[in-house]
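Take a look at the structure below.
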Amino acid sequence: MGGVLAITLNVVAHFTEERLQRNLQILAQAISLPVSEAMERGDLEQAENSLRSVFGISEVYGAYLFNAEGEQIISLGSVHPTRRQADEALRQTEEGEFAQYESIDGRNVYSYFMPLFRTAGQPNGFLQVTRRRSDIDNQLLQLRNWSWTGFGLLALLILGTITLAHQRSIGQPLDRLLSSMQKVQEGDRAHRADIKGPKEVRQLAGGLNGMLDAIQLAELRAVRQREERAQMAEKLRQAETLAALGQLAAGVAHELGAPLSVVDGRARRLQRRLDQPEDNQELEDIRTQAARMTSIIEQLLSYGRRSRAQQRPLCLAALTQRACALVGDETSDDRVTVVSGPECKIKGDSLSLEQALVNLLRNALQADPAGQIRIGWQLEESANGSVDQVTVTVEDAGPGIPPEQADQLFEPFYTTKAPGEGSGLGLAIVKRVLREHQGSIKIDRSPGLGGARFSLTFPLLTADAQGEPSA
């Protein structure tokens, strides 16, 4: 850019110098006619006045008038040309006007020579007008100084603009990127860099965000794997517990089953022999407690034993009716309402599923001995819009179940009933049956009856599998 300016300055200086020289030439040409006429009339005073007039118009350094023999007639200025210079100028003016740089009395000047002619056309001498060369050089120097000063200011402005633009377009985005890295370094793993600025900075920010996302994904995957391992360990622990419980249940059944049968049989025989009502009542209490102990043993056996029956298609309506019939002797006919849904089938073990439904119905009966109970089912749509599940609901009019107890209800031996009224195995058996049938269970409040609502969800049997024999 500086080279371009230097070349431009040289061109401008050349034209400026030519303009200053041309101005001097115009002045000389303007006074040449009145000076020539004054010389022809012999009026040197008028000729001198004409020469003096140029000093008021421009920066003329000297004005000189010579006759046809080269003799100096009028000399105005601080320096005076020599005879030799006059003769040389006279010789050159014979060919016409000319200009040159020369030294007069040690002063460098620019001189313009204009030949003068009489009216008849004969040479009548010549006119010389000079200007100090330093005036021209000073103007050229001033032009260069102003130009270089302007160039410097412009360069500073451009440099400042570039610096500011660089800071705003690159510096600030880089500062923001470094700030984001600092935040991540300080532990803010959720922070992400703003993708702003030039393409390169955006690529860096995108790469940083991608790396942080990958790290976060890896951490989540590691956490998920730890949770899965913990769940597997918990399932293994539960399986070991169930296995031990199954062995315990088998031992209890073997050790207590036969003695309880003997106790119940002997009590029944004594009832036949005794006539006293008080004695019969005592024996009836013995039989009731023996029956309760037998029921607890059966539940222990059921919970510890895995179903080995072959699963097959089951009509859900028939399964529900059988479960209601099993608890029919424990309640009046009008307390349990069956809300039938669409005809559908599921695949499972009939006895296990009946036991799960019976346990839920008995829980509902015990929650409110005088309230209504409702059992029904409905089809469910999955996320993709297909109907592939069915939900069976058992609702009661009891006090409901607090949310904080919902998960504990399915733990073995956990019960909210008074001591002696429940073993805490009924819902644990329900959960085990659901797990064996790839189902799930949820507890919430019944919108219609106000008590608890148990929702059991099973996979719906596909049309291809419905051709198998059903129960």
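FYI, it's all coordinate maths here, none of it is from the lab. All values derive from a computational prediction rather than experimental measurement. Because the Cβ atoms are built from the backbone with ideal geometry, glycine has one as well, and the counts that use them run over all protein chains shown.
Find out how many positive minus negative residues lie around Y101, taking Lys and Arg as positive, Asp and Glu as negative, among other residues whose Cβ is under 12 Å from that of Y101.
Numbers: positive: R107, R131, R132, R133; negative: E17, E102, D137.
Neighbourhood net charge equals +1.
How much net charge surrounds L360 when only other residues with a Cβ under 12 Å from its Cβ are counted (Lys, Arg +1; Asp, Glu -1)? Show your work: numbers first, answer last.
Values: positive: R362, R374, K431, R453; negative: E354, E395, D396.
Net charge around L360: +1.
Checking the cross-link filter: which lysines have an alpha carbon closer than 28 Å to that of K345, excluding same-chain neighbours under 8 positions apart?
Cα-Cα hits under 28 Å: K431, K442.
Starting from the Cα of K199, draw a straight line to each of the lysines and keep only those under 29 Å, dropping any in the same chain fewer than 8 residues away.
K183
Want the number for D194 to H80: 0.36 nm per residue separation, take away the alpha-carbon distance, what's left?
On the way: separation 114, 0.36 × 114 = 41.04 nm, distance 8.13 nm.
Contour length minus Cα-Cα distance gives 32.9 nm.
On full extension of the chain, what length is gained from Q408 through E381, given 0.36 nm per residue of separation minus the C-alpha to C-alpha distance? Working shown, then result.
Numbers: separation 27, 0.36 × 27 = 9.72 nm, distance 2.90 nm.
In short, 6.8 nm is gained.
Considering amide H positions built from the backbone, and no H for Pro or chain starts, which residues 5 or more places from D388, or on another chain, come under 5 Å of its amide H?
The answer is E380, S382.
Would you mind pulling out the separation of the Cα centroids of the range 109-140 and the range 30-84, in Å?
10 Å
Hey, what did the range 38-151 get for relative contact order, percent, Cα under 8 Å, at least 6 apart? Can you show the working numbers first?
Details: 167 pairs, mean separation 26.6, N = 114.
Relative contact order for the range 38-151 comes out at 23 percent.
Residue by residue through the range 338-343, which ³J(HN,Hα) values in whole Hz follow from phi under the Karplus form 6.51 cos²θ - 1.76 cosθ + 1.60 (θ = phi - 60°), with glycine and proline marked x?
With the stated coefficients, the range 338-343 comes to 9, 9, 6, x, x, 5 Hz.
Taking 41 Å as R0, compute the FRET efficiency from the Cβ-Cβ separation of I170 and D213 and round it to 0.05.
Numbers: r = 25 Å, r/R0 = 0.61.
Calculated value: 0.95.
Fewest Cβ neighbours within 10 Å first, please rank H166, H437 accordingly.
Details: H166 11, H437 20.
In order of increasing Cβ crowding within 10 Å: H166, H437.
Kirkwood-based Rg over Rh for the range 99-193 (C-alpha set), two decimals? Please list the in-between numbers first.
Working: Rg = 33.7 Å, Rh = 20.1 Å.
In the range 99-193, Rg relative to Rh is 1.67.
So who's got an amide H within less than 5 Å of the one on G125, skipping anything under 5 residues away but keeping other chains? H placed 1.01 Å off N, in plane.
A68, L116
Kirkwood hydrodynamic radius (Cα pairs, Å) of the range 2-142? Kindly include the intermediate steps, with their values, before the conclusion.
Working: mean 1/r = 0.0637 Å⁻¹.
So the Kirkwood estimate lands at 15.7 Å.
Please give the length that would be gained between W148 and K235 if that part of the chain were fully extended, namely 0.36 nm times their separation in residues minus their C-alpha to C-alpha distance (nm, one decimal). Let's see the in-between values first.
On the way: separation 87, 0.36 × 87 = 31.32 nm, distance 8.71 nm.
Roughly 22.6 nm would be gained on extension.
What residues qualify as long-range amide H neighbours of L425, i.e. H under 5 Å apart, gap of 5 or more or another chain, H built at 1.01 Å from N?
F413
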